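Here the structure is laid out as structure tokens; the discussion comes afterwards.
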Amino acid sequence: MKGLLLLSLLLWVCLVYFVGIYVFVSGFLLVRLEVNRTSTCEDVLQPGHEDPQVNFCSSKPRFRKVIILIIDALKIDFARFDPDNQSPRPYENKLPVLEKMVSSKPTHSRLYPFRADPPTTTMQRIKGFTTGSLPTFVDVGNNFASSAILEDNLIHQFGQTGKRVVFMGDDTWESLFPKKFHRSLPFPSFNVKDLHTVDNGILQHIYPTMVGGDWDVLVAHFLGVDHCGHRFGPDHPAMADKLTQMDGVIRSVIERLQNDTLLVVMGDHGMTDSGDHGGESQKETDAAIFLYSPFPIFAGPPSQDEPDVVPQTDLVPTLALLLGIPIPYSSVGQVLLPLFPSHQQTEGAVGGLSQLEALWINAKQVNRFLETYSSLAKDIPLESLSQLKAEFSHISSEYLSSLRGGRSPSPQLLSFLQAYLASVRDTCRATWARFNPFKMVAGFTILALACLMCLILSEMSLLLIRESSAGLKTSVKVAACVSVSVAVVQLYTHGYMEVVWCFAAGAVSSEIVFFWKVSPKVVGWLKLRQLLVPPLVVLMLRCASLLSDSYVIAEGRVVTFLALSLALYIPVHLNWKGLLLPPSHDSLKCAGPLPSMVVSPSAVRKESSTLLGCLGLLVGSFYLSLSFHGCREELGSCQPSLFLSPLSRLQDSRLKNLHYVLAVAALCLWTFLLRRWLCHYGNLNASGVTVFTARWILPLLSVCLGLHWAVGATPEDSFRNLTELIRLAQLALPRTAFCLLGLGMLLILCDPLTVFLKTRASASGRSSSLPPPRYRASTGISPQAELHHLIPQIYQRMRRSLDDGDVSGSSEADHRPAVEAYGLGTVYSAPVLLFSGLLGMGLLLLHPEGMALSFLLLLLQMASLLHIHASSTTLYSLHGAHVGGFNVPWTPVVLWSLASTEFFHATGHLPTFPSIQWSAAFVGFPDGHTGTLLPATLVTLNTFASHILFAAGCPLLLFWPLVCEVRGSRGGRACGDEAEDAVMEMRLREHPLHFSAALLQLSTRYLFINGAQVFASVCAAAILRRHLMVWKVFAPKLMFEASGFLVSSFFLLFGVMLVLRVDVAVSRWFKRLIPEASR
């Protein structure tokens, strides 16, 4: 078997796909240009005071101090109070202090909805309300690894003007603003199961700090509400407790406020009904902001002129002007006018700025940023830029002329300034999706050629394997030379090297060389008729659906429909060809007196019944899996499955117990089915380490999972005396499971064989002549055999290496062989199946307990698909319609890929960021992590569990028809001759070249199907890049599709490597049995 060539070809194809994705994404998801300039006290002046010697910061501010209380995930619904609500939910009416202050002291306080710009993740929101800038889509990737903010921001301006900033709470601030605080008390923030550490740490220090005088700005970031939402959801008693605690905090802070201090209570984002956030639904973007001062700051009660919603970016210029510091350079926010007096220009201090004066300073700052940005970047349309400049020029000339003439400005000027600031923000928001069309086209081209290359490799696999190189060496050499040449040219012409173009040039050149090498063989092969087979038509429909936002939103049901349609096509097609039922007697008579093959009606009926039964099981499992789907916020009437919630969230004890029993039952059934299959085919009779894994590690892993779920479902206050023991169990059980999982996988890789060799004692005489070597798998089984399936006679020549047993005396007499090898017929599939089963249990550990039922449905779906494929192949063979070789048709491969996508949705995942199950990062690590690599890996494994399992188990599509083959199904003999014995997977060793070609074909077909879906997502993102839903639907779908392809490719390569490892082990096993002379 040409394992090295096979693996090299697959690795090369994957790398070309990776480069295409990287090049396109680098042109599509660009971060906007950051203007690294800083405002100073001399930049922004009061109207009419254009003297550069006047220091803006030297004037007396309206407030000397500010306290900013950030209650993470404080959505506006939590802050409102309804006195008529007699039966409030856990998150309702728990902050009465806000309503009390607003109603009793309307000139001292206000409560507004505080709208965030997506993505609604904490790091991006902190960046938004400290810089006043707008985030870009790709910024969401930085939420795991928060890097320092380089743009001008409020924290920098506070320090620059000598204000002492004291921070306490979420340690994200420390990484965003390193060494910027006068004093800081950060607490670990990443453990979403910890509701109290951060909040209690703040409460220990906030009141003594307020009483002390060594601060001007106090920032406290509470995390309990956000973590409670992630862990339990908003509709849980724990949320009521946290909000009540926050109500007490706000009351205590208000009691200690002084007249020169402004209090800001705000949320950075909201949360969905499930407690998640990250997207752009109104429940996620609408937080709350509460403003209060012991000294009156508002003209009166709220009026109709006040804003209904306050954008988060507006906080930046508002706080800057109220505290007498420059507005950060890149801010595009607009001052909150109700905080400034509406009378005309006030003499002297900044504290006396009127609304018009504040807006004028704000507009000057925004216009300065717009001019600087447009000179550095050319992404703002010239027409919009010219219009904005003309608008500001008109406002400026009218305002300054009125000041110089000593007359009052026009009443409409206030509206003009507000309209100008809104226009600038809208223009920036619309154009800060900077695309690089050259990189997008290059990535598009690489992916298109990669798909074509993959298709050619799959259809010409045998020919390319025979050539032993398939042009691979030449392609790699040319790619390396071209990449180096492009790097040298860039360094020579520009003085720097852009790696993306080096990769792009290398990938394109390698593809061109490949096509040049295979072009003589491809001519006449590629026909439209071959591409319009039903499975590829279904794949085209699947790819076309990715260009519609409606189909992407309803992807779970769309994929289920396509998969079931293609599955139903199989029996319809077989029946159309007359293969589903045994032929009638008339048809046999018409075939002539000596048909080439005798078709067994009972065998045909058995295989047809198996196929239809498995089809029914597949339809049922697909239908039941719909019960585990999550809900996108676009589907308003959708209700997420109860099984998506961890047991700790369920308040009904009976329901919790029922879910736990079902989960454990599903886990036990998963373990039983795996062991039953291995036992049935004789793979548990050996004494190797892989059998040890199946016999002991697999059940021990099940026990660990069951105990871990039981401990995780235990309420924190149920067993106060056992708190430490429960905490230890939460730490030890999942880590033990991880260790068992790693040990089992390592043992499988070290010695994957599950074959047991048994010899029979016989007469001492030996025959000088040996009959021809033959295999038997399921016929003439010894009555002494403990297992159902074995290969009783491997090679007759093998007996020469055995000291005991007589060839002619024993096996000729009772038709029983002297050598019995248990499990040899499934020598390849057994370790792959066991590895996939172990991997599935490890991935289940990262999911909520209720997903055990979904994973069981996954196992049933995989088994159904494999048996449908095997029965279909056998029916073709029984009727003499088998095409020969070990090729896997397109239909089961497309079905395998569709089932992978369907199971992605059946585990509650969606191609949206709010649906990411962040709790997976803390399985086995309840106290959090010191780095980001491990939690990111755990979340990735959780998110793409379906891609991992189906990719690693993909080789089973090649083995299963051999595992399930019946005697004589692989071609018959003339009438009267004995049918060929079923040798199962040992047939692959008789044809190593065809084995390699079939494995290459299967792998490249699977890569082509997944790559085509990535290519379709790329097309959708590129074509619809100005679509209203691009950042909400198409860009996240592209990110998830590309990430899923990367993960699938890695585990597909791993699955192929496991098969090659088994093949090497089998070869060594034979060499130990067969003498050198007889090989």
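The values are calculated or read from the model by the stated rules, or taken from the named source; none is laboratory data. On a predicted model such as this, the values are computed, not experimentally measured, just so you know. All Cβ positions, even for glycine, are placed from backbone atoms using ideal geometry, and neighbour counts span all protein chains on display. Calculation scope for accessible area: heavy atoms of the full protein, side chains included, ligands and nucleic acids excluded. Shrake-Rupley method; radii C 1.70, N 1.55, O 1.52, S 1.80 Å.
For the subset of segment 120-155 comprising residues that are in a helix (DSSP H, G or I) and hydroxyl-bearing (S, T, Y), which member is modelled with the lowest pLDDT?
Going through segment 120-155, the residues in a helix (DSSP H, G or I) turn out to be 122-131, 137-143, 154-155.
Within this subset, residues satisfying the condition of being hydroxyl-bearing (S, T, Y) are 122, 130-131.
Values: T122: 75, T130: 91, T131: 90.
Result: T122.
Could you tell me whether any residue of segment 686-708 is within 20 Å of N191 (Cα to Cα), at pLDDT 90 or above and open to solvent by less than 40 Å² (accessible area, probe 1.4 Å)?
Yes: segment 686-708 contains one or more residues that are within 20 Å of N191 (Cα to Cα), at pLDDT 90 or above and open to solvent by less than 40 Å² (accessible area, probe 1.4 Å).
Taking segment 650-682, which residues are open to solvent by 60 Å² or more (accessible area, probe 1.4 Å), touching a residue at least 60 places away in the same chain (Cβ under 8 Å) and not in a helix (DSSP H, G or I)?
Within segment 650-682, just Q651 meets the criteria.
Return the residues of segment 630-649 that are buried (at least 18 other Cβ atoms within 10 Å of the Cβ) and either among the hydrophobic types (A, V, I, L, M, F, W, C) or farther than 17 Å from G275 by Cα (or both); say none if nothing qualifies.
C631, F643, L644, L647
What number of residues within segment 995-1033 are open to solvent by 30 Å² or more (accessible area, probe 1.4 Å), in a helix (DSSP H, G or I) and at pLDDT below 85?
So the answer is 2.
Looking only at residues that are open to solvent by less than 20 Å² (accessible area, probe 1.4 Å) and at pLDDT 90 or above in segment 710-740, which one is farthest from T754 (Cα to Cα)?
Per the criteria, the residue is P734.
Name the one entry in P961, P992 that is under 25 Å from L824 (Cα atoms), modelled with pLDDT of 85 or more and open to solvent by 20 Å² or more (accessible area, probe 1.4 Å).
Selected residue: P992, the only one of P961, P992 that is under 25 Å from L824 (Cα atoms), modelled with pLDDT of 85 or more and open to solvent by 20 Å² or more (accessible area, probe 1.4 Å).
I need a count of the residues in segment 301-314 that are open to solvent by 10 Å² or more (accessible area, probe 1.4 Å) and either small (G, A, S) or not in a loop (DSSP other than H, G, I, E, B) (or both).
Here the count works out to 3.
From the list D216, D268, which one is open to solvent by less than 50 Å² (accessible area, probe 1.4 Å) and closer than 20 Å to S189 by Cα? Before you say what the answer is, go through the steps one by one.
Numbers: D216 fails: closer than 20 Å to S189 by Cα.
Going through D216, D268 in turn, just one is open to solvent by less than 50 Å² (accessible area, probe 1.4 Å) and closer than 20 Å to S189 by Cα: D268.
With respect to F158, is the statement that it is in contact with a strand residue (DSSP E or B) (Cβ under 7 Å, 6 or more places away or on another chain) and modelled with pLDDT of 85 or more true? Talk me through it step by step, then tell me what you get.
Numbers: in contact with a strand residue (DSSP E or B) (Cβ under 7 Å, 6 or more places away or on another chain): yes; modelled with pLDDT of 85 or more: yes.
Yes; evaluated as a whole, the condition is true for this residue.
Search segment 409-432 for residues being in contact with a Phe, Trp or Tyr (Cβ under 7 Å, 6 or more places away or on another chain) and among the aliphatic types (A, V, I, L, M), and hand back the single one that is nearest to K389 (Cα to Cα).
L417
Considering only helices (runs of 4 or more DSSP H) fully contained in segment 412-493, which possess at least 3 residues that are basic (K, R) and crowded, with 16+ Cβ neighbours inside 10 Å?
In segment 412-493, there are no helices (runs of 4 or more DSSP H) which contain 3 or more residues that are basic (K, R) and crowded, with 16+ Cβ neighbours inside 10 Å.
From the list L414, L403, L385, exactly one residue is modelled with pLDDT under 80 and either farther than 27 Å from Q160 by Cβ or acidic (D, E) (or both). Which is it?
Unique residue meeting the criteria: L403.
Please count how many residues of segment 381-395 are in a helix (DSSP H, G or I) and loosely packed, with under 15 Cβ neighbours inside 10 Å.
The first filter runs over segment 381-395 and keeps only residues in a helix (DSSP H, G or I), leaving 382-395.
In the following step, the residues that additionally are loosely packed, with under 15 Cβ neighbours inside 10 Å were identified as 382-383, 386-387, 389-390, 393-394.
Matching residues across segment 381-395 total 8.
Given the criteria within 30 Å of V1030 (Cα to Cα), at pLDDT 85 or above and either open to solvent by 30 Å² or more (accessible area, probe 1.4 Å) or not in a helix (DSSP H, G or I) (or both), does L568 qualify?
no
With respect to R542, is the statement that it is in contact with a Leu (Cβ under 9 Å, 6 or more places away or on another chain), at pLDDT 70 or above and surrounded by 17 or more Cβ atoms within 10 Å (Cβ to Cβ) true?
Yes; evaluated as a whole, the condition is true for this residue.
Residues in segment 71-91 that are modelled with pLDDT under 90 and either touching a Gly at 6+ places or on another chain (Cβ under 7 Å) or among the hydroxyl-bearing types (S, T, Y) (or both): how many?
So the answer is 1.
Does T272 qualify as being β-branched (V, I, T), in a loop (DSSP other than H, G, I, E, B) and either touching a residue at least 60 places away in the same chain (Cβ under 8 Å) or farther than 24 Å from R649 by Cβ (or both)?
For T272, the condition - β-branched (V, I, T), in a loop (DSSP other than H, G, I, E, B) and either touching a residue at least 60 places away in the same chain (Cβ under 8 Å) or farther than 24 Å from R649 by Cβ (or both) - is met.
So, in segment 173-207, exactly how many residues are closer than 20 Å to G275 by Cα and open to solvent by less than 40 Å² (accessible area, probe 1.4 Å)?
6
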